[in-house]
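The values are calculated or read from the model by the stated rules, or taken from the named source; none is laboratory data. Computed from a predicted model, the values in this text were never measured in an experiment. Glycine gets a Cβ as well: all are built from the backbone with ideal geometry, and neighbour counts include every protein chain shown.
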């Protein structure tokens, strides 16, 4: 499948959670909660994420998709090119890394392997890209089976996620 072209019925880069589709909000919320669990070394946040995966996808598919999601976070945690930033769970703003993660999962789901690899390689070193791609594919497939579809964003606003201004104080995953 060819890479999408800007302006081809696609959405611009979002700058707030209000601009996200439900499936995108799900990814951002789960990422923020999961990383907060890592930072605080508490399982409470992971339990919230698991409950939401099970609610959205059922026990079986939820477990498989959550495994992909955890693998995606692990790939970033172990192979990040730099500190990955994120906002607190209830913050309405989005950072460049959060947008890139959403766009990565969308590229996996929408079968744009070149775009998915480019985004993976922007977030992680080369030795972690395949791990991230495998995890993203697993996560996105489970979401697709339950009609949690992520739109492909073209960034027609002209500003790539890597250049977006962070609107709130972000913490680091790494």
* To do: Within the stretch 84-126, track down each residue that is surrounded by fewer than 21 Cβ atoms within 10 Å (Cβ to Cβ), out of contact with any helix residue (DSSP H, G or I) (no Cβ under 6 Å at 6 or more places or on another chain) and within 18 Å of residue 37 (Cβ to Cβ).
  => 88, 90, 91
* Limited to the stretch 41-74, what total is found for residues that are in a helix (DSSP H, G or I) and under 21 Å from residue 106 (Cα atoms)? -> 22
* Structure fact -> By residue number, the members of the stretch 16-26 that are assigned to a loop (DSSP other than H, G, I, E, B) and out of contact with any helix residue (DSSP H, G or I) (no Cβ under 8 Å at 6 or more places or on another chain) are 21
* Does residue 140 count as at pLDDT below 95 and either touching a helix residue (DSSP H, G or I) at 6+ places or on another chain (Cβ under 7 Å) or under 20 Å from residue 11 (Cα atoms) (or both)? -> no
* Structure fact -> Scanning the stretch 87-100 for residues that are part of a helix (DSSP H, G or I) and within 12 Å of residue 14 (Cβ to Cβ) gives 96, 98, 99, 100
* Scan the stretch 143-174 residue by residue and report those that are buried (at least 16 other Cβ atoms within 10 Å of the Cβ), at pLDDT 95 or above and either in a helix (DSSP H, G or I) or touching a strand residue (DSSP E or B) at 6+ places or on another chain (Cβ under 8 Å) (or both). => 143, 144
